[in-house]
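One structure below.
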Amino acid sequence: MKDILKDFPSITVEEWEKLIQKDLKGQDYEKKLIWKTEDGFSLNPYYTEETTAGKNLPNPPGMPESWQIIEEIDESDSRNALQHAKSSAGVGAQGWKIVSQWNQEIYQGICLDSELSIQDFANSLYQIQNTASYYWETGSSSLSYQEALCKVFQSNPELPFLKNLTTNNSNPNQSTLGGFFQDPLGALTICGELPQSKLETFETLKNSILLCDESLPGHRAFVVNANLFANVGASLSQEIAYTLAMGSEYLSQMLSLGLPAKVTARQIFFRFSIGANYFHEIAKLRAFRFLWAKVLEAYELTQEERIAHIYSETSLWNATVFDPNVNMIRVTTEAMSAILGGTNALHIHAFDKISMGAGNDFSNRIARNVSLLLRHESYLDKVIDPSNGSYYIDHLTYTFSEAAWKIFQDVEASKGYLQSFLDGKIQKAIEATVKKKKDSILSKKEPILGTSLFPNLSENTSSLPTQEWRRGKSLPSFKQYLGETDTKARLIPTWRASEAFESLRFQVEKSSAKLGKPKIHLFIFGNPSMRTARASFATNFFGVAGFEIVNPGAVEDSIKSFASAVGSKPEVIVFCSSDEEYLPMVQKLLSTKEWQSDRIKFVIAGNPSEDIDALRSAGIYDFIHAKSNLFETLEAYTKTLLGS
């Protein structure tokens, strides 16, 4: 057989660089082709075996053959929740995230208000499917649920789940089919306090670990909620590092209570939120697997005992209330990142979860079908670690590992996660990242499709339940407590990328119910290509706030058209044309006394720098252009036009 590679001689880095410089035609290489990430990395436009030499890591340990398809059940009525689980099991769901938290005041999710109700619910749930996965979102009340489950398993040894559970000590992931989302340090991070006193908190966790290790086969006792760091706006390197630090803190605390590291390690798992940065998110999970194994190596665990169990979910941080259909695209790429990165279980959020508070039959089906399509039509379960060997992903994995390990070592040098958080060091580091991230989002350097970029102007927002939006606008943190605590710290607030823009639009929507929406009239004239481009820009710019955009098309008779525009009583008239055509037209139209108005704001779409002073003198109120800070400008217009 002919070796076709001989027909394609290798190309050196120098040859690539010459070709690039030729195509750039004198333009700045750094500005055009080097990508600066939020972690401070500089990424090249290409990577080769030569450029990644010496920066190769071993394959991430424990990469799974496939992933479990998880669906959330959180109906308050337990009968409805069971029906949801049964119906989803028949159409592709392989496990469930069961939301049922109690903090001695209120429940969140399924109302299971006694040990007997937990047992009855669990007994029915565990009979639905032979090899399902069960992840219990039970927070700091997890021990109560675990004790109830123990009684279920003891009294029902013939449960299909128990009979079909594969016990394989050489690969802990093969014998893991669920766990409990309890994370006291996570509660401290976003709620500002531990659930109980420090001693009681870790004693409770120790009891939980021992109970699961001895009596709850297939279930891991607790989680490290890495998703919290994504939801507060940390960088990917920080997310990896602080997740490692949390895990290490738990190992240390349990050791101090006499629990061997190997026991704690086999009862811990990790929940990651997967964002929109496709290749980076793949590398994030791969880097974490490698580094967690490195942490456990320090505790002298065997290679088989160093494998991380990873539960992933698509991001709520970058999900949007408005134009929620765009979220379908987001969750698809996020799901691919999770799968290629090596997740063991994957929960894809319904595309309307943020806008409606919860998914419905349709949106849950769409979410489930994303996983099914990626498995049965894209065949992503046919190759273990398919991204292995990609020079770019290998480089990212190495770079994230190096940066995260440095942050992790700094935390360990400051006496671990708990002490660093109590001292405010972790909050300070994350807040610096958050400030940069918010600035980029609000100025539209990082646009949000459907919200700050190309908003859906015809969207019917009347169906959006305001109270549900308020519940979801800043990723809810269920306050967890079981008693008095002696450990409090400054919490890190959760937020979503689009919430500032959504707040503006909700103000406009609320006002429009009584007074109608502020009207933005486009006055389009002159150079065809420029007027079209600037009319489109102005439409999208003001559309972000939900203002009514009136586009009558290009004018033929400027005098008559302008008289009509003023007569329609808009709040804003935007001139859309080329820079050189603005001043003559504005002076011609605004010099007529009857068309001068204190109520109407006359705005230029563009930045005609040479004529700005003259245009202001002629009556122009403002200039909107690509360098305008989108949020600050719209916030000012919203206050002015709504009178607030």
Notebook entry, point to check: Based on what the data block shows, is Gln267 of a type outside the set (Gly, Ala, Ser), farther than 22 Å from Ile354 by Cβ and in contact with a Gly (Cβ under 9 Å, 6 or more places away or on another chain)?
Noted result: yes
Check: Inside region 371-380, can you point out the residues that are in a loop (DSSP other than H, G, I, E, B) and open to solvent by less than 40 Å² (accessible area, probe 1.4 Å)?
Finding: Leu380
Check: Looking only at region 51-67, which residues are open to solvent by 30 Å² or more (accessible area, probe 1.4 Å) and touching a Phe, Trp or Tyr at 6+ places or on another chain (Cβ under 9 Å)?
Finding: Thr51, Lys55, Asn56, Leu57, Pro58, Asn59, Pro61
Next item on the list: Answer yes or no as to whether Pro260 is surrounded by fewer than 24 Cβ atoms within 10 Å (Cβ to Cβ), farther than 17 Å from Thr397 by Cα and over 25 Å from the mean Cα position of the chain (by Cα).
Entry: yes
Notebook entry, point to check: Residues in region 577-599: is at least one in a strand (DSSP E or B) and in contact (Cβ under 8 Å) with a residue 12 or more places away in the chain?
Noted result: no
Check: Just a yes or no: is a residue in region 417-432 in contact (Cβ under 8 Å) with a residue 12 or more places away in the chain, touching an Asp or Glu at 6+ places or on another chain (Cβ under 8 Å) and open to solvent by less than 20 Å² (accessible area, probe 1.4 Å)?
Finding: yes
Check: Inside region 388-416, can you point out the residues that are in a helix (DSSP H, G or I), open to solvent by 70 Å² or more (accessible area, probe 1.4 Å) and over 15 Å from Thr37 (Cβ atoms)?
Finding: Tyr391, Lys406, Gln409, Asp410, Glu412, Ala413
Checklist line | All positions within region 6-46 that are aromatic (Phe, Trp, Tyr) and open to solvent by 80 Å² or more (accessible area, probe 1.4 Å) | finding: Phe8, Trp16, Trp35
Notebook entry, point to check: Does Phe506 fit the bill of being aromatic (Phe, Trp, Tyr) and either in contact with a strand residue (DSSP E or B) (Cβ under 8 Å, 6 or more places away or on another chain) or in contact (Cβ under 8 Å) with a residue 60 or more places away in the chain (or both)?
Noted result: no
Item checked: Hits in region 589-632 - residues which are within 32 Å of the chain's Cα centre (by Cα) and either surrounded by fewer than 20 Cβ atoms within 10 Å (Cβ to Cβ) or closer than 16 Å to Lys569 by Cβ (or both) -> His625, Ala626, Lys627, Ser628, Asn629, Glu632
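The values are calculated or read from the model by the stated rules, or taken from the named source; none is laboratory data. Note that the structure is a prediction, hence the values are computed from the model and not measured. In this analysis, Cβ positions are derived from the backbone assuming ideal geometry, glycine residues included, and neighbour counts consider all displayed protein chains. Side chains included, ligands, DNA and RNA excluded: accessible areas come from the protein's heavy atoms. Shrake-Rupley method; radii C 1.70, N 1.55, O 1.52, S 1.80 Å.
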